[in-house]
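Q: Take this structure, written in structure tokens, and hold onto it; I'll ask about it next.
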Amino acid sequence: MSTAVPVSAAAGRRTALLWATAAAGLAVDQSTKAIAAVTVEGHDPVHALGGAVTFTALRNSGAAGSFAPHATLVFTVLALGVVAFIARVARSVQRPGWAVGLGLIFAGAGGNLTDRLFRTPGFGRGAVLDFIQVGHSGVFNLADQCVTAGAAVVLVQAMRGVPMRAKSPEFGHP
């Protein structure tokens, strides 16, 4: 006997939206990092838009802004936890805003996790490739921006009281 819960068409669309957002964000992040690794890393910084944006490569073993550079393994485990949590709840997301927000967070965590797993100096200890600087800000990548944008979308949903999941009926009531 199957215990699978049927997924409504609307829930299926929300799940597809989450995974499409995650896939697009992850693809853009990894593509831009591959381009930056070839065209920016090992070269002088490139200034664009009148110096407002600088492309310069920085290997970051820590968190945003090179916070805790010796905790790479900790950030690897945290990213694994984030992507596992989102994968676990993906089918139950019922609102498009939550689907987009969680998809962006998955893309960002997944993009930087990919770097930590597969870039030098080795598996689980790799450094994230940051290459964009706006003004005098820290150097970042598009995965960082996906996490930031996703967190903002999730925060707005939560502040508006939009539930991530449909309310389930109370025990004993249909």
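Q: Fully extended, how many nm does the chain gain between ARG125 and VAL77 (0.36 nm per residue separation, minus their Cα-Cα distance)?
A: Numbers: separation 48, 0.36 × 48 = 17.28 nm, distance 1.07 nm.
Between ARG125 and VAL77, full extension yields an extra 16.2 nm.
Q: Something else: If I compute solvent accessible area with a 1.4 Å probe over the protein chains, what percent of it on segment 24-148 is carbon and sulfur? If you can, show how the numbers build up before the last one.
A: Numbers: 4400 of 6240 Å².
Whole-percent figure for carbon plus sulfur exposure: 71.
The values are calculated or read from the model by the stated rules, or taken from the named source; none is laboratory data. For clarity, every value in this text was computed on a predicted model and none was experimentally measured. For accessibility, only protein heavy atoms count, side chains too; no ligands or nucleic acids. Shrake-Rupley method; radii C 1.70, N 1.55, O 1.52, S 1.80 Å.
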